[in-house]
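**Q** Structure below; questions to follow.
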Amino acid sequence: MNRKEKKLYWHTRLGKIEIGEQIYTQGRRGPQIRPFCESAEVECRGYSEALQRAMTDFGADDAFAGAAAKLKEHYGIEVPVSAIRWFTEEHGAAMRAQEKQKSDWSDRAGVPVLITEMDGSMLPVVEVAEPVAGEARVDRRKTRQVSWKEARLALAHEPGSVTPIFGATLGSVEEAGERLAVCALEAGAGSQTRIHGVGDGAVWITEQMEAQFGTQAQYLVDFCHLCDYLSAAGEVIAANDKLAWMEEKKDWLKDNRWKVVLEALRPYVEPAHLPEPEAPVRACFRYISNHSNFLDYKGALAAGLPIGSGEIESGHRYVFQNRLKISGARWKMENLRKMTALRVLRANRGWKDYWSNVHQQAA
């Protein structure tokens, strides 16, 4: 048995720890035995679990350079920005791998009513050409292409609850629908649950509501979104008394008298040859006509259910945009998926459970 001493160091929230480690070798080429590393569960140049948690915590909410500055401020230690980015994204990948998948409705009746919302917003992405074996090396910076990718966010919760369950995807509308179904199941949906959906009336959303929930779902066009169309039409029809005109039409809509609103708009509908920007009454008339199946405001108000989708719109800000849409940020798609999973898990209050599992797996 041969013995030698080697410097061993690792990073913690207390700073860099360095010791002289005794390493044993069986014979000249036998396997190494490192009693301290095995008993202390550390590795050379590694980062402690507690430090990884702190790095991921700061990296989830701030630019990675800003996270490094916060570590310096709060713990008095310096950590490379690259390390913060790596661990933040790796834990994001682990969180994404743990996301629950859609399952069939359980036999339970479920909660009486759930409120669901779903919408998309654009996030900045960057693509760089990957090197091809056998071809001459090129400056990959010159192949850099920036664009935008739609991230779809879904939520579900019981009426009166202020803690919604979120789900997100960068994939297809079908994947978004499945994320919404998972949110509903996590929020307590069952075979007897009435699903109240609210949104801007995009076709992909209404189709997924029907695909995922069938006859259990009732969808409602966001009242504020509809009023934007109505307001633009009012500029043409009642420019001198727009406020009173708007209040009257809103009262009609809340009383499910949308047909009366259409008749009030009809005489002012612009001719077909005018371009869309010059035809706000025509746009409003068409929007109400195309979404007439989703205008039961009277029923929603009577049941104490929301008629606006501001919750999902604010969700986009604090789940996605406050971190992923900051000035100068561009994300590779694989890293954006990791970061969205991380942001969703934090919004769903799963942070402590995740790190408890990490600790148990390391034990």
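**Q** Please list 3J(HN,Hα) in residue order for region 67-78, calculated via the Karplus relation 6.51 cos²θ - 1.76 cosθ + 1.60 where θ = phi - 60°; whole Hz, with x for glycine and proline.
**A** 5, 5, 5, 5, 4, 5, 5, 8, 10, x, 10, 10
**Q** Among the listed pairs K102/K352; K6/K352; K70/K325; K16/K338; K259/K325, which are separated by more than 30 Å between their Cα atoms?
**A** Among K102/K352; K6/K352; K70/K325; K16/K338; K259/K325, the Cα-Cα distance tops 30 Å for K6/K352; K259/K325.
**Q** Let me ask something else about it. For region 34-73, which GluC sites (Glu not before Pro) pass both filters: DSSP loop (anything but H, G, I, E, B) and at most 13 other C-beta atoms within 10 Å?
**A** E41, E43
**Q** Please state the relative contact order of region 257-363 as a whole percent: Cα pairs under 8 Å, 6+ residues apart?
**A** So the answer I get is 16 percent.
**Q** Describe numerically, in nm with one decimal, the distance between label points set 7 Å from Cα along Cα→Cβ at Q145 and at D61.
**A** With each label point 7 Å from Cα toward Cβ, the separation is 3.7 nm.
**Q** For the chain, what does -39500 (n - 2.57) per DSSP helix run (n ≥ 4), summed and divided by total residues, give at 222 nm, in deg cm²/dmol to the nearest 500?
**A** Value at 222 nm, helices only: -13500 deg cm²/dmol.
**Q** If you take Cα extents along the principal axes in Å from the coordinates, which of (1) 86, 54, 39; (2) 97, 55, 44; (3) 70, 48, 34 do you get?
**A** Computed from these coordinates, Cα extents along the principal axes in Å corresponds to label (2).
**Q** Hey, can you grab everything whose amide H is under 5 Å from the amide H of G308? Only 5+ residues off in sequence or another chain; H modelled, so Pro and N-termini drop out.
**A** F223
**Q** May I pose another question? What percent does the relative contact order of the chain come to when contacts are Cα pairs within less than 8 Å and at least six residues apart? Could you put the intermediate results ahead of the total?
**A** Numbers: 558 pairs, mean separation 62.5, N = 363.
The normalised contact order for the chain reaches 17 percent.
**Q** At 20 °C and 1.002 mPa s, what whole-number value in µm²/s does Stokes-Einstein give for the translational diffusion of region 188-228, with Rh from the Kirkwood sum over Cα pairs? Before the final figure, lay out the partial values.
**A** Working: Rh = 10.8 Å.
Rounded, D is 198 µm²/s.
**Q** Further question: For region 255-263, take each phi angle, set θ = phi - 60°, evaluate the Karplus expression 6.51 cos²θ - 1.76 cosθ + 1.60, and give the result in whole Hz per residue in order, putting x for glycine and proline.
**A** Working through the residues one at a time gives 9, 6, 9, 5, 5, 5, 5, 4, 5 Hz.
**Q** Moving on. Could you do me a favour and compute the accessible area per residue for the chain, 1.4 Å probe, result in Å²? Don't skip to the end; give the middle numbers.
**A** Values: 19850 Å² over 363 residues.
I get 55 Å² per residue for this part.
**Q** Shifting gears a bit: Along the charge dipole of region 162-253, pointing to its positive end and built from +1/-1 on Cβ of Lys, Arg, Asp and Glu, which listed residue (V173, A244, T193) has its Cα farthest out?
**A** T193
**Q** Over all directions, what mean area does the Cα convex hull of region 205-283 project, stated in square nanometres?
**A** So the mean shadow area of the Cα hull is 6.5 nm².
**Q** First compute the accessible area of region 1-155 with a 1.4 Å probe, then give the percent of it belonging to carbon and sulfur atoms.
**A** 48
**Q** Rounded to the nearest 10 degrees, what's the angle between the helix 223-237 long axis and the longest principal axis of the chain, both from Cα atoms, 0 to 90?
**A** The two axes meet at around 40 degrees.
The values are calculated or read from the model by the stated rules, or taken from the named source; none is laboratory data. Everything quoted here is computed from the prediction, not taken from an experiment. Glycine gets a Cβ as well: all are built from the backbone with ideal geometry, and neighbour counts include every protein chain shown. The accessibility values were calculated without ligands, DNA or RNA, using every heavy atom of the protein model including side chains. Shrake-Rupley method; radii C 1.70, N 1.55, O 1.52, S 1.80 Å.
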